[in-house]
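Peer 1: Mind looking over this structure? Questions follow.
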Amino acid sequence: MKRRHEMPFGAERRDDGSVRFRLWAPSAREIKLKLHNAGGQAPLRLHRLDDGWFELATDGAGVGTGYQFVLENGLHVPDPASRFQPDDVNGPSQIIDPQAFDWQDQSWCGRPWEEAVIYELHVGTFTPEGTFAGVRERLDYLAELGVTAIELMPVADFPGLRNWGYDGVLPFAPDSTYGTPEELKELVQAVHARGLMIFLDVVYNHFGPEGNYLHSYAPQFFTDRHNTPWGQAINFDGAESRTVRDFFIHNAIYWLNEYHFDGLRLDAVHAIVDDSEHHILAELAEKVRMACPDDRYIHLILENDSNQARYLRRGVRCRPQAYTAQWNDDIHHAAHVLVTGEREGYYCDYSDPIAHLGRCLIHGFAYQGEISLHRGNQPRGEPTEGLPLTAFVSFLQNHDQVGNRAFGERITSLADTAAVRAAAAILLLAPSPPLLFMGEEFAAESPFLYFCDFKGDLATAVRDGRRGEFAHFAAFSNPAARERIPDPNAAATFERSALDWETIGQPPHQEWMMFYRRLLKLRREAVEPHLSGACRIGGKYNVRGDRGLTALWHFPDHAELALIANLGPELLPGFEPASAPLIYATNKSSIAGLGEGTLPPWSVLWFLKT
């Protein structure tokens, strides 16, 4: 089976063997094309069309040909819609024929969202190889673990040899350090062969600081009317924004159809500023769902600090009208405060973490319009009434919550083992879909640090800026303390972030992995069957003392799921057993204690009546 997404820009190989090149350069008077297979041949002039477009079709280029666009000042730039950059972001783009790949997964239509258990990974640090092929070698391990979806951190071409992926500048080109487009497709196909889904993290809120040449010939791509944490905003709502919007809409459809990804996670959409009547997020979701067959499960996931429930609304048969789910930072923050006691930064908004956790478990967001101290006493969030709990992705760790710490510490190095296991036991069995961050399942000791590969003044600015971000934290108020924060550009920072697979069979790592496997198996067998078609799950929670929590969920099939937990370091009285069979307990002492009306520290018990 062949798959190709046709685009109105970039290099498109046509059926007659010729290649059509098309570039939107509204500020240019002339654009030429340099082909790198033509020896000393002079660049070819593109024909100027209406509305800032330039186009040329030629028989002088073919699959594998390198090419660059040449501006009037002689600057050679890559194709912004390049499908591959073998020599990094500043080098020539390469012509790729998507139809050269023979897909064998034509019967794959995805999986229902209710079955989602997500495993987030960074391709460069997940395996020693740091490649798409390396990830493929670990797929059997992930399937046996019990996850059902793999989420790749961004793979769009970024400058240098290492990056988290959020500094990408060529969003259609898989980074060559990870492998070729064909190798990424082989990974997707291998994931599907094991019955798993695969999602891709995409960045539509900014371009990285190096290798983005759009300002040179299409400054209309950006606007000075809005700003983002990364500088000038992308122009989604001003003059000539139609082409800009189409660029990103095509990118989303490209990954879903040409690469057969099962879903996308859109990074930090709260930083996308669009004052038009039809927000780009709404239009993108509409166009994606129109472009994908109805018999495919396509899942669109948001990261949205604004907690805008409007994007998660459901329609007929509980199908998402726009987006399937959102990463729920609220549940992470509440759980993190409970197990670590940290209160600085955004954790200051979770002064009553047990109540915030309970609200997340039953209602999704903790903040649904309440005032946020961290955000300057401004209201945050929208009501979640009418939304299914499956619209909220829960996690105890992810790349942000680990990597945005100064030393990239994982939760198991910050909190007591019993506390972490209690929190994990709640998030893995609650109705909302859980997400794991790579290595979490075996309590990896390697940190996940912030890393990149910039040079010169930019490298210095990024290093100093990174250290300056922590100046308002008590532990880093001293400049000498900030100097200890690892340099993001140092190769050693990246190397320290790689998973150490040699430890997985050693205690206590093996015990952690068995713990996760057991809980994910229990979720699949006991909880997941009641989520199918459960668009409305009734529920309530109660806080017991300072650290006690009970919760009850009523499913449409009349099953009842109950939680009883002591999420503190002290013995807690005042509990009564649930009127349902026990399906999980942290240990035997928790069961015995509940029979006497008390719970030992960090106890979690789950009950299910069908």
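Each value in this text was obtained by applying a stated rule to the coordinates, not by laboratory testing. Everything quoted here is computed from the prediction, not taken from an experiment. Note: ideal-geometry Cβ built from the backbone for every residue, glycine included; neighbour counts use all protein chains shown.
Peer 1: List the relative contact order of segment 187-284 as a percent without decimals, with contacts defined as Cα pairs under 8 Å and 6+ residues apart. Present the calculation step by step, with values, prior to reporting the outcome.
Peer 2: Working: 105 pairs, mean separation 36.2, N = 98.
Computed value for segment 187-284: 37 percent relative contact order.
Peer 1: Using only the alpha carbons, work out the radius of gyration and Dmax of segment 53-113 in angstrom.
Peer 2: Here Rg and the maximum Cα pair distance are 16.4, 52 Å.
Peer 1: Something else now. Of the GluC sites (Glu not before Pro) in segment 538-610, which ones lie in a loop per DSSP and count no more than 16 other C-beta atoms within 10 Å? Could you put the intermediate results ahead of the total?
Peer 2: Values: sites: 560, 570, 596; in loops: 570, 596.
Taking segment 538-610 and a limit of 16 other Cβ atoms within 10 Å, the loop GluC sites (Glu not before Pro) found are 570, 596.
Peer 1: Still on this structure, please answer the following. Taking only the alpha carbons of segment 1-62, what extent do you get along each of the three principal axes, in Å, biggest first?
Peer 2: That works out to 41, 31, 15 Å along the principal axes.
Peer 1: Using only the alpha-carbon atoms of segment 10-100, report the extent along each of the three principal axes, biggest first, to the nearest angstrom.
Peer 2: 35, 26, 23
Peer 1: What are the radius of gyration and Dmax of segment 535-609, computed over its Cα atoms and given in Å?
Peer 2: Looking at segment 535-609, its Cα Rg and Dmax stand at 12.2, 37 Å.
Peer 1: Under 18 Å Cα-Cα from residue 32, which aspartates and glutamates qualify once same-chain neighbours fewer than 8 residues away are excluded?
Peer 2: In chain and number order, the partners are 12, 50, 51, 55, 59, 72, 79.
Peer 1: Mind putting a number on the dipole of segment 493-548 about its Cα centre? Charges go on the C-beta only, +1 for Lys and Arg and -1 for Asp and Glu, and I need it in Debye to the nearest 20.
Peer 2: On the way: 10 positive and 7 negative charges, 103 e Å.
That gives a dipole near 500 debye.
Peer 1: Something else: Give the shape of the chain as rounded, prolate or oblate, defined through the alpha-carbon gyration tensor: a ≥ b ≥ c are the square roots of its eigenvalues, a/c under 1.5 means rounded, and otherwise the shape is prolate if a/b is larger than b/c and oblate if not.
Peer 2: Values: a/c = 1.90, a/b = 1.73, b/c = 1.10.
Prolate shape, in that a/c is at least 1.5 and a/b is the bigger ratio.
Peer 1: For the modelled label position 7 Å from the Cα of residue 457 along Cα-to-Cβ, which residues of segment 196-213 have backbone nitrogen atoms closer than 20 Å?
Peer 2: 208-213
Peer 1: From the P(r) of segment 420-533, can you give the percent of Cα pairs sitting at distances over 23 Å? Mind showing how you got there, number by number?
Peer 2: On the way: 3365 of 6441 pairs.
So the pairs more than 23 Å apart make up 52 percent of the total in segment 420-533.
Peer 1: Considering the options 491, 217, 552, tell which one lies farthest towards the positive end of the dipole of the chain, charges being +1 on Lys and Arg and -1 on Asp and Glu at the Cβ, about the Cα centre.
Peer 2: 552
Peer 1: Set the bar at 30 Å for Cα to Cα. Now go through 287/521; 2/521; 34/455 and name every pair that lies beyond it.
Peer 2: Over 30 Å apart, Cα to Cα: 287/521; 2/521.
Peer 1: Pull up all non-local amide H partners of residue 583: gap of 5 or more, or a different chain, and H-to-H distance under 5 Å with H placed in the peptide plane.
Peer 2: Answer set, sorted by chain and number: 606, 607, 608.
Peer 1: With the contact rule set at Cα under 8 Å and sequence spacing of 6 or more, what percent relative contact order holds for segment 10-100? The partial results should precede the final answer.
Peer 2: Details: 190 pairs, mean separation 26.5, N = 91.
It comes to 29 percent, rounded to a whole number.
Peer 1: Return the percentage of antiparallel bridges among DSSP beta bridges fully within the chain, rounded to the nearest 5 %.
Peer 2: Working: 58 of 83 bridges.
Looking only at bridges with both residues in the chain, the antiparallel portion is about 70 percent.
Peer 1: To continue, here is another question. Modelled label-to-label distance, residue 3 and residue 55, 7 Å Cα→beta-carbon offset: nm?
Peer 2: A separation of 2.7 nm, rounded to one decimal place.
Peer 1: Please give the FRET efficiency for residue 492 paired with residue 471, using the beta carbon to beta carbon distance and R0 = 25 Å, rounded to the nearest 0.05.
Peer 2: On the way: r = 24 Å, r/R0 = 0.94.
After rounding, the FRET efficiency stands at 0.60.
Peer 1: Excluding same-chain residues fewer than 8 positions from residue 540, which lysines have a Cα within less than 17 Å of its Cα?
Peer 2: Filter leaves 609.
Peer 1: Contour minus end-to-end for residue 409 and residue 106, with contour as 0.36 nm per residue of separation and end-to-end as the Cα-Cα distance? Walk me through the numbers before you get to the answer.
Peer 2: Working: separation 303, 0.36 × 303 = 109.08 nm, distance 4.14 nm.
Value of the extension gain: 104.9 nm.
Peer 1: Among 109, 360, which comes first, second and so on when ranked by fewest other beta-carbon atoms within 10 Å?
Peer 2: Working: 109 14, 360 28.
Ascending Cβ contact count within 10 Å gives the list 109, 360.
Peer 1: Sticking with this structure for a sec: Cα centroid distance between segment 522-578 and segment 418-436, in Å?
Peer 2: Each part reduced to its Cα centre gives a spacing of 12 Å.
Peer 1: So, how do all the Cα-to-Cα distances of segment 323-453 break down into 5 Å bins, in percent, from 0 on up?
Peer 2: The percentages, shortest bin first, are 2, 11, 20, 23, 20, 14, 7, 2, 0, 0.
Peer 1: OK, next. Counting just the Cα atoms, what span does segment 479-568 cover along each of its three principal axes? Round to the nearest Å and put the largest first.
Peer 2: 56, 34, 28
Peer 1: How many nm is it between the label spots at residue 346 and residue 246, if each spot is 7 Å from the Cα in line with the beta carbon?
Peer 2: With each label placed 7 Å out from Cα toward Cβ, I get 3.5 nm.
Peer 1: Still on this model: Just need the relative contact order of the chain here, percent rounded to a whole number, with Cα pairs under 8 Å and 6+ apart. It would help to have the intermediate numbers written out before the result.
Peer 2: Working: 1266 pairs, mean separation 63.8, N = 610.
Contact order relative to length: 10 percent.
Peer 1: Which semi-axes, in whole Å and largest first, does the equivalent ellipsoid of segment 132-284 have when worked out from the alpha carbon gyration tensor as the square roots of 5 times its eigenvalues?
Peer 2: 31, 17, 13
Peer 1: Using a/c under 1.5 as the rounded threshold, could you call segment 315-356 rounded, prolate or oblate? The axes a ≥ b ≥ c are square roots of the C-alpha gyration tensor eigenvalues, and prolate needs a/b larger than b/c, oblate otherwise.
Peer 2: prolate
Peer 1: A further question follows. Label-point separation (nm) for residue 587 and residue 543, each offset 7 Å from Cα along Cα-to-Cβ?
Peer 2: 2.7
Peer 1: Taking a ≥ b ≥ c as the square roots of the Cα gyration tensor eigenvalues, with a/c under 1.5 meaning rounded and otherwise prolate when a/b beats b/c, else oblate, which class fits segment 395-460?
Peer 2: Cα axes put segment 395-460 in the prolate bin.
Peer 1: Return the unpartnered cysteines for the chain, using a Cβ-Cβ cut-off of under 4.7 Å.
Peer 2: 109, 292, 348, 360, 452 - these cysteines have no disulfide-compatible partner (Cβ-Cβ under 4.7 Å) in the chain.
Peer 1: Here's a follow-up. Based solely on its DSSP helices, what 222 nm [θ] is calculated for the chain when runs of n ≥ 4 H residues each add -39,500 (n - 2.57) and the sum is averaged over all residues, nearest 500 deg cm²/dmol? Mind showing how you got there, number by number?
Peer 2: Working: 16 runs with 148 residues, N = 610.
Only helices count here, giving -7000 deg cm²/dmol.
Peer 1: Work out the length of the dipole vector of the chain about its Cα centre, built from +1 on the beta-carbon of each Lys and Arg and -1 on the beta-carbon of each Asp and Glu, and round it to the nearest 20 debye. List each step's numbers first, then the result.
Peer 2: Values: 56 positive and 81 negative charges, 164 e Å.
Taking the Cα centre of the chain as origin, the dipole is about 780 debye.
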